[in-house]
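The values are calculated or read from the model by the stated rules, or taken from the named source; none is laboratory data. Computed from a predicted model, the values in this text were never measured in an experiment. Don't worry about glycine lacking a Cβ; one is built from the backbone with ideal geometry, like all the others, and counts go over all protein chains shown. Ligands, DNA and RNA are stripped out before the accessible areas are found, and what is left, the full protein with its side chains, is counted by its heavy atoms. Shrake-Rupley method; radii C 1.70, N 1.55, O 1.52, S 1.80 Å.
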Amino acid sequence: MQTLLAVLVLLSSLTMKPVDPKVQKIADEIEWLGQATVRIHYHGLTIYIDPYQLKETDRADIILITHPHQDHWSKADVKKIITDKTILIAPQACLDDAIDLPAKEKIASSPGFTTTKDGIEIKAVPAFNVVKTKFHPESNNWVGYILTLDGVKVYHTGDTERIPEMKNLKVDIIMLPLGQTYTMNSVEEAAEAALDVNASIAIPIHYGLYEGTKADAEKFKELLNGKIKVEIK
């Protein structure tokens, strides 16, 4: 109860951050396909993050993987979208399992990694559990990604709790997990994380399959009402 009250007091002291039309345009091109799977269309390119349980085949220009858990690194799903023109960026443990996959490039990522591909700046940032450390320990060097698209910073947090590093990040759009078994400890914590990074749009993901519910997404939106625009995809 005290945690909830603290969050509500924090939220009441803030006002809605206006959404730049350029930011909204990028947000409109983001699709949540379930679990942590996101597809982004950008200037004719198709970007996938953590493809899992895909219902159709596609052609990905860039595939980003946050960590090797089966609902994030699903080789069967990657096979549905990868071609010999695809750039695959993932932690080394995933690439070790990707030897037989076609790709133009296979690039290992870890926290602090940066690259620019097809005009998109890609930065890997830490993703880990602070409390439930057995699921996503910091020592594994698993990641989230920040993509810069036309100057708009889009942050897919990967599987993480609210971590101290988030206070040093400033992004426009955040996609973050609402599941409370393996990732965030509460919906309130997820709302605090969105505020930490000064986002103007927040998109909840990673709920409704193994953990978390649609009601959690609605609660998340209510907590941030008047502070950050929440888009439930």
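Please go through region 211-231 and give me each residue that is touching an Asp or Glu at 6+ places or on another chain (Cβ under 8 Å) and within 20 Å of G144 (Cα to Cα), ordered by number.
none
I'd like the full set of residues that are open to solvent by 20 Å² or more (accessible area, probe 1.4 Å), in a loop (DSSP other than H, G, I, E, B) and at pLDDT 95 or above, limited to region 100-118.
Taking region 100-118 as the starting set, the residues that turn out to be open to solvent by 20 Å² or more (accessible area, probe 1.4 Å) are 100, 102-108, 110-118.
From what's left, in a loop (DSSP other than H, G, I, E, B): 100, 102-104, 110-113, 118.
If the condition is that a residue be open to solvent by 20 Å² or more (accessible area, probe 1.4 Å), in a loop (DSSP other than H, G, I, E, B) and at pLDDT 95 or above, then D100, P102, A103, K104, S110, P111, G112, F113 are the ones that fit.
If I ask for residues that are in a strand (DSSP E or B) and touching a Phe, Trp or Tyr at 6+ places or on another chain (Cβ under 7 Å), which ones from region 126-151 would you list? Quick ask: steps written out before the conclusion?
Step one: filter region 126-151 for residues in a strand (DSSP E or B), giving 126, 143-149.
Hits for region 126-151 are G144, I146, L149.
Anything in region 54-96 that is within 26 Å of Y155 (Cβ to Cβ) and acidic (D, E)? List them, or say none.
Residues satisfying the conditions are D58, D61, D71, D77.
So which residues in region 153-174 are closer than 13 Å to N198 by Cα and open to solvent by less than 10 Å² (accessible area, probe 1.4 Å)?
Correct list: V154, Y155, M166, V171, I173, I174.
L209: in contact with a Pro (Cβ under 8 Å, 6 or more places away or on another chain) and at pLDDT below 95, yes or no?
Answer is no for this residue.
Select from region 81-99 the residues that are of a type in the set (G, A, S) and open to solvent by less than 40 Å² (accessible area, probe 1.4 Å) and write down the one among them that is farthest from the chain's Cα centre (by Cα).
Step one: of region 81-99, the residues of a type in the set (G, A, S) are 90, 93, 98.
Retained after the next criterion (residues that are open to solvent by less than 40 Å² (accessible area, probe 1.4 Å)): 90, 98.
Values: A90: 14, A98: 22 Å.
Within region 81-99, the match that is farthest from the chain's Cα centre (by Cα) is A98.
What number goes with the only condition from (1) of a type in the set (A, V, I, L, M); (2) closer than 22 Å to I62 by Cβ; (3) buried (at least 24 other Cβ atoms within 10 Å of the Cβ) that L149 does not pass?
Going through (1) of a type in the set (A, V, I, L, M); (2) closer than 22 Å to I62 by Cβ; (3) buried (at least 24 other Cβ atoms within 10 Å of the Cβ) one by one, L149 breaks only (3).
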